[in-house]
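Let me begin by presenting the structure, written as structure tokens, before commenting on it.
Any read-out appearing in this document is the output of simple, stated calculations on the displayed coordinates, not a laboratory observation. Being a predicted model, the structure only gives us computed values, none of them experimental. Because the Cβ atoms are built from the backbone with ideal geometry, glycine has one as well, and the counts that use them run over all protein chains shown.
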Amino acid sequence: MTEKTGLESISRETIQETKMNENTGLESISREAIQEAFRKTKEDMHLPIGELTLITEDRYEEVLEKVQECFVLDEPLGKAVGIKWSPFLESFWVKALKTGISLMVVNPEDNDIIGFRISEYSLRKEKNAGFEYAGRREPENNGCTKMNENTGLESISREAIQEAFRKTKEDVHLPIGELTLITEDRYKEVLEKVQECFVLDEPIGKAVGIKWSPFLESFWVKALKTGISLMVVNPEDNDIIGFRISEYSLRKEKMPDLSTLEDDSLKIMGAFLLHASGKANIYDHYNTDEAVHFLGLGVTRKYRKRGFGTLLMESGIKLAKNLGISPCYITGEGSSNFSKRIYERLGFDVLSETVYEDFEIEGKK
């Protein structure tokens, strides 16, 4: 792309002259209106070479190849962190393309793409419609221990976890950073990242105004002590890029007594999670007494939108499979649109869905 193509100026054009209100905004613009807006735009553009067109679905594959060239090989931030093309990045760009307002300039002689301007709608009102409880059954493996009353998740030794991690690490390829098990000497740093991701950014926590407390700290530390939680660390400064905190979920465990909690926000959050868990009923659904529970997935802000969330999810799945128990069940919660998409993309079953606005506690939504 060069300045002469005029693509940058196109992104500033208004594609709809109608005054926006609750019924006429960007989301309401039809394909016909986009086509008409493009027709007017094209009439007003004078290119030194090539033809201006809207990017249509039949050209997605070619456009994505150009995106890889420009943003993986040439884009400064991508080059700095060593980013690699992945299914997550592809879905990220395709989502934008499907908005239907992206443009490209094509050389009519060979139909090659000269440049592109990918655009999408950004909406203040975008929010998470609901909460998803997901589950997954890993196929039985002849090389693994069959579960019985003496050989289950609780029986797995630290040595077995270390061996499972070794196998997992061999099979994981990160753009930057090193995959490690979370050990006790890093708990304090991990908990700081948990606060950042789950107190400041997590939808339910934000909705109920949750605050970090000794109770929450002990809740997360209990999961960390299971010993199967992972993190990615930047070797240059030892900073934590992201984490996948997991624990064992057992049918025999008693449900917590929420009435003992002094913090109302914790009571509301706890009631919501118990409600969603009860609807999912993973133990009866899969006819099992235990599962690996994906408790928390987080990526620190400066490393987001680079595929680390998906990589940590995939690493957690591989570690669970490598623990040597067959069959192995995995469960987790998707509280944001981002985390729900990851669960669904990685083949989890949606066991229950709860719309946030429909949940009531003590007569209040």
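Take GLU159 and THR180, extend 7 Å from each Cα along the Cα→Cβ direction, and tell me the distance between the two endpoints in nm.
Here the answer is 2.4 nm between the modelled labels.
Please work out the ratio of the alpha-carbon Rg of the stretch 293-337 to 2.2 N^0.38 Å and round it to two decimals.
The reported ratio for this selection is 1.30.
When you have a sec, figure out the Kirkwood radius of the stretch 259-304 from all distinct Cα pair distances and drop it here in Å to one decimal?
13.4 Å
Could you check how many percent of all C-alpha pairs in the stretch 223-344 are farther apart than 24 Å?
Looking at the stretch 223-344, the distances longer than 24 Å represent 35 percent of pairs.
Rounded to whole Å and sorted largest first, what semi-axes of the equivalent ellipsoid does the C-alpha gyration tensor of the stretch 151-302 yield via the square root of 5 times each eigenvalue?
27, 22, 13
Distance from a point 7 Å along Cα→Cβ of LYS302 to each backbone N in the stretch 227-270: keep the residues under 20 Å and list them by number.
Counting only backbone N, you get 231-244.
Using only C-alpha positions, report the orientation-averaged shadow area of the convex hull of the stretch 312-356, nm², one decimal.
Mean projected area for the stretch 312-356: 3.5 nm², to one decimal.
Pop a pseudo-label 7 angstrom from the Cα along the beta-carbon direction at both ALA96 and GLU109 and give the gap in nm to one decimal.
Taking the two extended label points, one gets 3.0 nm.
Take HIS285 and SER122, extend 7 Å from each Cα along the Cα→Cβ direction, and tell me the distance between the two endpoints in nm.
Each label point lies 7 Å from its Cα, and together they span 3.6 nm.
Let me know the Kirkwood hydrodynamic radius for the stretch 157-228, please, with Cα pairs as the basis and the value in Å to one decimal.
It is 14.2 Å.
Would you mind checking LYS206/LYS267; LYS193/LYS321; LYS206/LYS254; LYS193/LYS252 for any pair whose Cα atoms are more than 21 angstrom apart?
LYS193/LYS321; LYS206/LYS254; LYS193/LYS252
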